[in-house]
Amino acid sequence: MGLSLEFDAAHRLPNYDGKCARVHGHTYEVEVVLEGPVDDGSGFLMDFYDLKQILKSVLEELDHRDLNEILANPTAERIAEHIKAGLEDRLIATPAVLVSVKLWEGKNKWVMVE
Amino acid sequence: MGLSLEFDAAHRLPNYDGKCARVHGHTYEVEVVLEGPVDDGSGFLMDFYDLKQILKSVLEELDHRDLNEILANPTAERIAEHIKAGLEDRLIATPAVLVSVKLWEGKNKWVMVE
Amino acid sequence: MGLSLEFDAAHRLPNYDGKCARVHGHTYEVEVVLEGPVDDGSGFLMDFYDLKQILKSVLEELDHRDLNEILANPTAERIAEHIKAGLEDRLIATPAVLVSVKLWEGKNKWVMVE
């Protein structure tokens with residue numbers, strides 16, 4: 001199953017030789033993919049509502065923030081790894097396994113960590 | 001190859017403790033993914049038009065219906081499994097193999113059965 | 001990582017028995033997926049900007065063209081294979097490995113070559 005949410009944040013890439021070294025920002029979209037058994041009683045792996053609350057709680061730290069205050073070099077790859085770590089902590093108590101975190105930086109480019 | 005279509009249907013989740021137990025509905029999007037050999041003559045695996053007709057014939061049963069008249073507990077997972085079974089019957093006569101059925105319930109959440 | 005771009009082109013399918021045998025056209029969308037190690041210094045696999053330039057250079061040949069002047073039978077599958085070959089040539093000098101090329105012919109149907 002998958003669920004996506006957006007957040008808006010500023011960042012700059014300190015090691016970058018070009019305009020990404022300047023402060024700018026993006027509307028990021030995050031898609032979380034989980035897998036696991038479908039429960040016979042509920043008929044689903046996990047309630048979409050619960051997954052949304054988990055993802056929102058992870059993104060709370062990043063939304064409308066300066067990502068350079070959280071990560072030294074906030075490339076899409078590093079942000080996605082950071083989100084993945086936060087999700088794994090919160091998914092331990094569930095039967096679902098985290099398969100991947102996909103992060104779009106704008107509309108037509110993305111990274112994925114598995 | 002993949003092809004997607006939408007359908008609109010009502011459902012409620014009888015085992016759910018919350019507002020999904022009430023009758024509501026969604027615009028569902030279904031994406032079918034097939035794989036197989038590309039035919040030397042036609043230059044494709046299957047005509048997109050033929051795949052669209054097959055998927056439409058499966059969704060005919062579900063579009064503008066109350067899904068609880070078809071499935072006891074019509075969660076996204078159960079609906080996707082139902083669509084997959086209908087597709088497999090209709091794809092037997094083709095060289096294509098069904099890889100997955102992905103079902104979006106609204107815009108930003110989905111399930112996939114393989 | 002992935003990046004997508006659009007191009008607009010005319011084509012007809014000479015072996016097709018139906019309206020696709022007539023000259024028509026599509027807004028195609030191409031998504032390129034790469035994988036490889038994240039560089040410790042830059043913090044990314046490849047600069048999105050560089051990948052965009054590479055993909056643009058491949059699509060330059062196809063955009064606003066008659067695809068039948070380039071390919072004998074320009075089905076989505078054959079176009080995707082052609083794009084993949086062009087990308088592989090240009091990615092040899094990078095640490096990234098091409099995973100797949102996905103080509104949408106219009107909005108809701110696509111092929112993928114791996």
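Of note:
- For chain A, relative contact order (Cα pairs under 8 Å, six or more residues apart, normalised by length) works out to 33 percent.
- Site pair B:Arg22 and C:Glu35 shows an inter-label distance of 4.4 nm when each label is modelled 7 Å from Cα along Cα→Cβ.
- Cα-based shape type of region B:1-43, given that a ≥ b ≥ c are square roots of the gyration tensor eigenvalues and the cut on a/c is 1.5: prolate
- Cα shape, region C:1-91, gyration tensor, a/c 1.5 rule: prolate
- Label-point spacing for B:Thr94 across the identical copies (point 7 Å from Cα in the Cβ direction), in nm and ascending order: 3.3, 3.3.
- The protein assembly as shown: C-alpha gyration tensor shape, a/c 1.5 cut-off, then a/b vs b/c: oblate
- Ordering A:Gly43, A:Cys20, A:Ala80 by Cα displacement along the dipole of chain A toward the positive end leaves A:Cys20 in first place; charges were set at the Cβ atoms of Lys, Arg (+1) and Asp, Glu (-1).
- Distances, shortest first, from the label point of B:Asn68 to those at the same position in the other copies read 5.5, 5.5 nm; the point lies 7 Å along Cα to C-beta.
- Placing a label point 7 Å from the Cα of C:Asp50 along the Cα-to-Cβ direction, the distances to the matching points in the other copies come to 4.4, 4.4 nm, shortest first.
- Each of A:His64 and A:Asp50 was given a label point 7 Å from its Cα along the Cα-to-Cβ line. The distance between the two points is 2.9 nm.
- Relative to the longest principal axis of the Cα atoms of chain B, helix B:48-59 runs at roughly 30 degrees.
Laboratory data are not the source of any read-out in this text; all were calculated from the coordinates shown. All values reported here derive from a predicted model rather than from experimental measurement. Reconstructed Cβ throughout: ideal geometry from the backbone, glycine too, with neighbour counts over all protein chains shown.
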